[in-house]
Amino acid sequence: MTIERTLSIIKPHAVAKNIIGKIFYRLECAKLLIIGCKMLQLTPTQAREFYIAHQEKIFFKNLIQCMTSGPSMISVLEGENAIYSYRQLMGATNPIHALSGTIRADYADSLTENAIHGSDSSISAEREIDFFFNVHELFSK
Ligand code: CDP
Ligand code: MG
């Protein structure tokens, strides 16, 4: 059993649709604990730094526009195999390919506005959690 942490972002278009609770409920059902949480409107500088791995991609400008368009709900999740387990709950990046019952299948509006972000590896999770949270803002069980 590996207890991991992962970073979750409910993207601005999903926050605007008032579905934070619906998404959090799915996390709770999957035994992912929310051990830290904050609502932030990312600045363009923050969004570009967060998604730096994608800076050369054609969708980068759209992605930054989407991520800075309003407040995001950013949280740290903890649980057994949290990184993989949350990616499974999220569904594929492109909602057209997301399995039915996943968060993206149900709540994405487009490929860019695909409702949520989740870390894709333990290295990314560590970087992304440190990007938004300090140790005093996380409340492990
Ligand atoms: O979010 P995820 O890890 O599933 O996908 P990614 O490949 O790391 O891409 C980051 C984000 O860029 C996605 O969640 C989409 O919002 C956006 N994206 C896009 O707009 N168009 C693409 N062809 C690929 C990704
Ligand atoms: Mg990714």
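Values in this text are rule-based calculations from the coordinates and carry no lab data. Only a predicted model underlies this, so the values are computations on that prediction, with no experimental measurement involved. With ideal geometry, Cβ positions are generated from the backbone for all residues, glycine too; neighbour counts draw on all protein chains shown.
For the residues I52, I64, what sequence is obtained by ranking on other C-beta atoms within 10 Å, fewest first?
Lowest count first: I52, I64.
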Response to the item:
One quarter of the C-alpha convex hull surface, i.e. the mean projected area of region 76-115 in nm², amounts to 2.9
Worksheet, complete the sentence: In nanometres, the difference between 0.36 nm per residue of separation and the alpha-carbon distance of A30 and S100 is 23.6 nm
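Might you report the magnitude of the Cβ-based charge dipole of the chain about its Cα centre, with Lys and Arg at +1 and Asp and Glu at -1, to the nearest 20 debye?
Numbers: 14 positive and 14 negative charges, 59 e Å.
With Lys and Arg at +1 and Asp and Glu at -1, about 280 debye.
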Worksheet item: In sequence order, what are the phi-derived ³J(HN,Hα) couplings for region 56-65 according to the Karplus relation 6.51 cos²θ - 1.76 cosθ + 1.60 with θ = phi - 60°, rounded to whole Hz, with x for glycine and proline?
Response: 8, 7, 5, 8, 4, 4, 4, 4, 5, 4
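Please arrange M39, M90, M1, M67 by counting, for each residue, the other beta carbons lying within 10 Å of its beta carbon, fewest first.
On the way: M39 12, M90 22, M1 4, M67 25.
Fewest to most other Cβ atoms nearby, the residues stand as M1, M39, M90, M67.
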Discussion item. How large is the translational diffusion coefficient of region 21-67 in µm² per second when you combine the Kirkwood radius over alpha carbon pairs with Stokes-Einstein at 37 °C and 0.692 mPa s?
Written reply: 257
Discussion item. Using the alpha carbons of the chain, what is the convex hull volume per residue in cubic angstrom, as a whole number?
Written reply: 105
Item to complete: Taking amide H positions as placed in the peptide plane 1.01 Å from N, state which residues far from A98 in sequence (5 or more) or on other chains have amide H under 5 Å from it.
Response: A92
